[in-house]
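Structure record follows, encoded as structure tokens.
Values quoted throughout were computed directly from the atomic coordinates according to the rules given, and no laboratory measurement underlies them. From a predicted model like this one, the values you see are computed outputs, not experimental measurements. Heads up, the Cβs are rebuilt from the backbone with ideal geometry, glycines too, and the neighbour counts pull from every protein chain shown.
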Amino acid sequence: MSTAAPRALFPLVESFFVEYLPRQRGASVHTVRAYRDTLKLLFEFVAQRQRRGVAALELGNLDADAVACFLDHIESKRENSAATRNCRRAAIRSFFKHLVRNDLARSMQYTRVLAIPSKKARQRTATYLEVDDVRAIVAKPDRRTPDGWRDYTLLLFLYNCGARVSEAADVRWDDLQLTPPRQVRLRGKGKKERLLPLWRETADALHRLRSTAKGPYQQHVFVNRHGHPLTRDGIAYILSKHASAAAAQDRPTLVRKRITPHVLRHSCAVALLQSGTDVTIIRDYLGHTSVATTGRYITTNLQMKRDALQTFWKHAGIEPARTRPWKPKADLLAFLQSL
């Protein structure tokens, strides 16, 4: 086997992550990491399938059959959803488009990979919490301790802003204005920025949290006890801990729900919708690209459907004037015989 072939893969992978994604596409750090994880899984899968090391992989090994088997593998063996499969496929497609541009000799091989279709994913209803449930969770941290006050402020901030967990982890003190008009600048997907108003309670909590900052060089708002920024997993753990405490003491219905930071984001959206806020405003509030994404909350909220149905029934004018409640007959067997 020629030693030139295996080495041909690495320069293209390197140029994809060093040159194409950050410099030509302007991809965010989160996108780069997501694509990195996908290609790492793909290369490990193909190497195991070829019974060789990853360092010995050749461009010829990355064909449509191998990629299709990999996508089936992450669904069947790793138990990923169809939505996750499609996200992995999107990352692979981006890499193979890069290969087409830089390796025309194998363009037909890469084109067959690009022709692999996405899989239809079932649209799940968004899980959200009612206001009383959120209030119970936010009340759980012990505000007498520094960690407890940080947790309280973090939970309040997530619900106030409907922020993605990555947006909350990245927020810095320079992004905040804690005097009227109170607001925060969030950096969302695609490096898009948006300004959001802050409740007075949130601003006061952040103001007190700032007084506990460890030195003038602490830039991130939400940090651990060592002064390092909280990770996404760390934020998810804090929420899960206090949600479990609320479920055990005050809100037993929460036991049946898997509460993540994104559930608080959904809860913020539904609360805005219930308050009568226009869907286009909620779209901008959450940083959605399309109003169609925001519209899913309308289908999620069962109470709003009940209210709409009740209003429709009243305006239709077909409600009977006299209605008598149904009462069962005393003789059950006689009733059944009459059917």
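Some points to look at:
- Look at where the Cα atoms of region 181-225 and of region 38-81 average out, and the two centres are 41 Å apart.
- Structural descriptor for region 131-300: relative contact order 26 percent, calculated from alpha carbon pairs under 8 angstrom and at least 6 residues apart.
- Other residues with beta-carbon under 13 Å from the beta-carbon of G148 carry, at +1 per Lys or Arg and -1 per Asp or Glu, a net charge of +4.
- Across all directions, the average flat footprint of the convex hull enclosing the Cα atoms of region 1-86 is 6.3 nm².
- The Cβ shell under 12 Å around V46 holds other residues with a net charge of 0, Lys and Arg each +1, Asp and Glu each -1.
- Restricting the chymotrypsin sites (Phe, Trp or Tyr not before Pro) of region 185-227 to loop positions (DSSP other than H, G, I, E, B) with no more than 14 neighbouring Cβ atoms within 10 Å leaves W199, Y217.
- Computed from the C-beta positions of V255 and R93 and an R0 of 25 Å, the FRET efficiency is 0.05 to the nearest 0.05.
- Using every pair of separate Cα atoms, the Kirkwood estimate puts the hydrodynamic radius of region 131-300 at 16.5 angstrom.
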